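Undergrad: After the structure tokens below, expect a handful of questions from me.
The values are calculated or read from the model by the stated rules, or taken from the named source; none is laboratory data. Source: prediction; values computed, not measured. All Cβ positions, even for glycine, are placed from backbone atoms using ideal geometry, and neighbour counts span all protein chains on display. Accessible surface is based on the protein model in full, side chains and every heavy atom, while ligands, DNA and RNA are left aside. Shrake-Rupley method; radii C 1.70, N 1.55, O 1.52, S 1.80 Å.
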Amino acid sequence: MSNELKRGLEGVLVAESELSYIDGEAGKLGYRGYAIEDLATQASYEEVLYLLWHGELPTRAELEAFSENLAAERSVDDEVLAAVADLARSGADPMDALRTAVSMLPTYDPEADADAEDLAATRRQGRRITAKIPTILAAFDRVRRGEEPLDPADDLGYAGNFLYMLTGARPDDVAEETFDMALTLHADHGLNASTFASMVIASTMADIYSSVIGGIGALSGPLHGGANEDVMEMLEEIDESGTDPVEWATAAREEGRRIPGYGHRVYRVKDPRAEILEQRLRDLSASNDDTKWLDYTTAIEEYLADQGLLEEGIAPNVDFYSGSVYDHLGIPTDMYTPIFAMARAGGWIAHVLEYQTDNRLIRPRARYTGPTDVEFVPIDER
Ligand code: COA
């Protein structure tokens, strides 16, 4: 057994996977061999879910059946919605509300007692979770704005239905397409922290609900899913204070602060998902005749490139652009990380299904550095 300590499990191989191919040096990402650029622009999120969960792209008939089955699971039980509404009225954080709501779902799942080894049942449960997350999140946001939650619109796809349930208006094609693309870009990304958390839980043969709840918890941190909100807050801070974006970035560098949306454990070059979202941001900025966020992000990116960050392997990641894209779609900032969870749940479920076909309990070790043979002193004698 190697005694080499790998902090943060950096570069450690713990499983084989056919899901995401990532080349961090070349800036390449693919799901099951298909380039992310093709999937983002030519496949719907449902198609990508099918690919991740079933191993191959669906035929049109397969996709129709899959999408119908997914849409049929969108409704959320009244008790869960009532709890979500209570949380919304008491000012809960949306990620906390999502985690709590997902915890309640198995109570209303007809297959809650299914064995974790029954992968067909796990897949159906995963489908229910994936279908219900948008309903939970949209209801949460509407209630806190004093609006009634809306029933899902059966004739809209996964992305379009979420935008409808959130805003109350049927999205136009550009909004629906953009959001669908963002979901695809966030669907999977190898053994990132939240996916690994989900797999650790699944490796104990716990149910898929527990894995998704663990994934939501891991994703909520600022080093992972929370970074997209930090980027938007940075842009808003720049805007409200009237600071020049380059001055803001200069001060952040001088004060040793990290630039949100920059850097990645795997990518040493610009994240391919960031490239795609940047183009989307350019299109939206032009069509909305509002280039403010684009101008700020471009100015910061150019400044940081001049500062040599790219040579150090610190480049924009997906979060650098997703926030401004969501803002153009009218999505509130604190919903960005929950939306990331909505998309990534598909990846968590795919990895659990894949890992459980050949499960082995994940159980690493720590190098013990504390004292040994310490004499125990009873409490009243200390
Ligand atoms: N801004 C400025 N410098 C950064 C940076 C950033 N966003 N990200 C990393 N660096 C620098 C670190 O300061 C460190 O420099 P040092 O060795 O001189 O201290 C070096 O790059 C390596 O950083 P490290 O934290 O060891 O890399 P990591 O692989 O653990 O970090 C992240 C990956 C994502 C956690 C990190 O880049 C980060 O905190 N980014 C901001 C948050 C973010 O965007 N997260 C979303 C990721 S998709």
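Undergrad: Restricting to the stretch 294-319, give me the number of residues that are open to solvent by 60 Å² or more (accessible area, probe 1.4 Å), more than 11 Å from the ligand (Cβ to nearest atom) and over 26 Å from the mean Cα position of the chain (by Cα).
TA: Matching residues across the stretch 294-319 total 3.
Undergrad: Let me spell it out: the conditions are (1) within 16 Å of the ligand (Cβ to nearest atom); (2) farther than 29 Å from Ile362 by Cβ, and Gly242 meets all of them except one. Which number is the exception?
TA: So the condition that Gly242 fails would be (1).
Undergrad: OK, next. Within the bounds of the stretch 83-103, is there any residue that is assigned to a loop (DSSP other than H, G, I, E, B), over 19 Å from the mean Cα position of the chain (by Cα) and buried (at least 18 other Cβ atoms within 10 Å of the Cβ)?
TA: No, the stretch 83-103 contains no residue that is assigned to a loop (DSSP other than H, G, I, E, B), over 19 Å from the mean Cα position of the chain (by Cα) and buried (at least 18 other Cβ atoms within 10 Å of the Cβ).
Undergrad: I'd like to check something: does the stretch 373-381 contain any residue that is in contact (Cβ under 8 Å) with a residue 40 or more places away in the chain and either of a type in the set (Asp, Glu) or open to solvent by less than 30 Å² (accessible area, probe 1.4 Å) (or both)?
TA: no
Undergrad: Kindly indicate whether any position in the stretch 320-339 is open to solvent by 10 Å² or more (accessible area, probe 1.4 Å) and within 16 Å of the ligand (Cβ to nearest atom).
TA: Yes, there is a match, as at least one residue in the stretch 320-339 is open to solvent by 10 Å² or more (accessible area, probe 1.4 Å) and within 16 Å of the ligand (Cβ to nearest atom).
Undergrad: I've got another one for you. Can you give me the number of residues within the stretch 203-229 that are away from the ligand (no atom under 12 Å from the Cβ) and either within 20 Å of Met104 (Cβ to Cβ) or open to solvent by 10 Å² or more (accessible area, probe 1.4 Å) (or both)?
TA: 16
Undergrad: Of everything in the stretch 31-46, what is over 20 Å from Pro316 (Cβ atoms) and under 18 Å from the mean Cα position of the chain (by Cα)? Give them in sequence order.
TA: Correct list: Tyr31, Leu39, Ser44, Tyr45, Glu46.
Undergrad: Filter the stretch 249-293 down to the residues that are without any contact (Cβ under 8 Å) to a residue 60 or more places away in the chain, of a type in the set (Gly, Ala, Ser) and within 15 Å of the ligand (Cβ to nearest atom) and list them by number.
TA: Ala249, Ala251, Ala252, Gly256, Gly263, Ala274
Undergrad: Residue by residue through the stretch 15-38, note down the ones that are farther than 15 Å from Ala187 by Cβ, assigned to a strand (DSSP E or B) and without any contact (Cβ under 8 Å) to a residue 60 or more places away in the chain.
TA: The one that is farther than 15 Å from Ala187 by Cβ, assigned to a strand (DSSP E or B) and without any contact (Cβ under 8 Å) to a residue 60 or more places away in the chain: Asp23.
Undergrad: So, one more: Being within 24 Å of Val318 (Cα to Cα), in a helix (DSSP H, G or I) and hydroxyl-bearing (Ser, Thr, Tyr): is that true of Thr107 here?
TA: For Thr107, the condition - within 24 Å of Val318 (Cα to Cα), in a helix (DSSP H, G or I) and hydroxyl-bearing (Ser, Thr, Tyr) - is not met.
Undergrad: For the stretch 39-58, which residues satisfy the criterion of being under 20 Å from Glu18 (Cβ atoms) and free of Cβ contacts under 8 Å to residues at least 60 places away in the same chain?
TA: Within the stretch 39-58, Glu47, Tyr50, Leu51, His54, Gly55, Glu56, Leu57, Pro58 meet the criteria.
Undergrad: Moving on to the next point. From (1) surrounded by 16 or more Cβ atoms within 10 Å (Cβ to Cβ); (2) within 13 Å of the ligand (Cβ to nearest atom), pick out the condition that doesn't hold for His351.
TA: Only one criterion is unmet by His351, namely (2).
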